[in-house]
1. Enter the angle in degrees (range 0 to 90, nearest 10) between the Cα long axis of helix 218-230 and the first principal axis of the Cα atoms of the chain, meaning the one along which they spread out most.
2. Given the peptides 210-217, 70-77, 187-194, 51-58, arrange them by the average over their residues of other C-beta atoms within 10 Å, most packed first.
3. Relative to the longest principal axis of the chain, what angle (0 to 90°, nearest 10) does the C-alpha long axis of helix 177-193 take?
4. About the Cα centre, and with charges only on the beta carbon of Lys, Arg (+1) and Asp, Glu (-1), how big is the dipole of the chain? Nearest 20 debye, please.
5. Considering only lysines 8 or more places apart in sequence, or on different chains, count the pairs in the chain whose C-alpha atoms sit under 22 Å apart.
6. Tally Lys/Arg at +1 and Asp/Glu at -1 over every other residue whose Cβ is under 12 Å from the Cβ of Pro80; what's the total?
7. Given Cα pairs under 8 Å that are at least 6 residues apart, what percent is the relative contact order of the chain?
8. Against the longest alpha carbon principal axis of the chain, how many degrees, from 0 to 90 and to the nearest 10, is the axis of helix 44-71 turned?
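No value in this document is a laboratory result; all are computed from the given coordinates. The model shown is predicted, which means the values in this text are computed figures rather than measured ones. Cβ coordinates were reconstructed from backbone atoms using ideal geometry, including for glycine residues, and neighbour counts include every protein chain displayed.
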Amino acid sequence: MFFRWFDDGEKSSQTSPMPTLGVRGIVVNSQLTINYHSSRVPNDVQIRRLAEVVALARACLELALRTLRRANTPPYDPEPIIRRILESHFRFSPITRGSTKDWSGDLGPIISNFESIWTGLRARITISDAYSVYLSRGLRLRGYTMTKPNHLTGVARPESYGSIHLDFDLLKNEREKLLMVAMLIHEAAHKFRSMWDTRYRNEPGYSTLHPISTRMNPDSYAFTVISIYKRQCITQLWGYPSARKI
Ligand SMILES: [Zn+2]
């Protein structure tokens with residue numbers, strides 16, 4: 001049994017605090033520090049891959065920001081694939097050709113949310129092994145970010161979140177890299193922009209979400225970024241955990 005992201009503040013306050021990961025503050029490079037448990041020490045390949053995942057997530061976010069800013073300036077003529085991605089993940093009303101100036105009222109706030117995520121992710125960050133929730137509750141989660149008591153949903157205050165947790169086991173497989181990039185951007189949307197999950201990408205209601213509901217929905221951001229990077233409208237990712245199939 002596994003779950004996805006555990007990121008509901010209410011739940012965390014009711015249960016016992018997470019045991020801390022014993023090995024903390026291990027410096028990987030000037031931009032990345034990791035925490036893990038002594039019973040599950042990541043090897044050099046895993047640590048190198050995590051650094052690559054973080055670097056790739058930053059590069060993908062930068063590309064997405066450049067692309068969306070360009071789409072939001074005259075002549076408002078993004079490529080068909082970019083139009084398709086925005087229609088799919090932010091539920092923009094379809095405009096197949098001609099100016100997309102009508103989108104700018106919605107695209108502006110989305111770009112500023114991406115800027116918050118980018119600002120947070122490009123600074124020095126700490127990533128912890130999601131193994132910690134297995135230690136405390138026997139749950140196998142692939143990624144999560146815990147809220148702190150002073151957290152306010154929607155109010156961007158990174159310090160009101162704990163560190164981003166990703167399952168270091170996934171780092172054993174090169175094939176999981178894009179999946180981990182999507183998960184990191186998803187968790188960064190929680191931590192640095194205080195977003196909340198309305199629908200996960202592989203939940204039935206995702207493709208019929210009201211456009212407003214996508215504005216603070218982490219998967220809408222994560223899948224837009226990897227779609228722009230891959231230049232295809234990605235709607236499914238192999239191994240992407242499906243939340244509520246318990
Ligand atoms: Zn989430």
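1. Helix 218-230 and the main axis of the chain meet at about 70 degrees.
2. My ranking of the peptides, most packed first, is 187-194, 51-58, 210-217, 70-77.
3. The helix 177-193 is inclined about 90 degrees to the chain.
4. That gives the chain a dipole magnitude of about 200 debye.
5. 6
6. +1
7. 28 percent
8. 20 degrees
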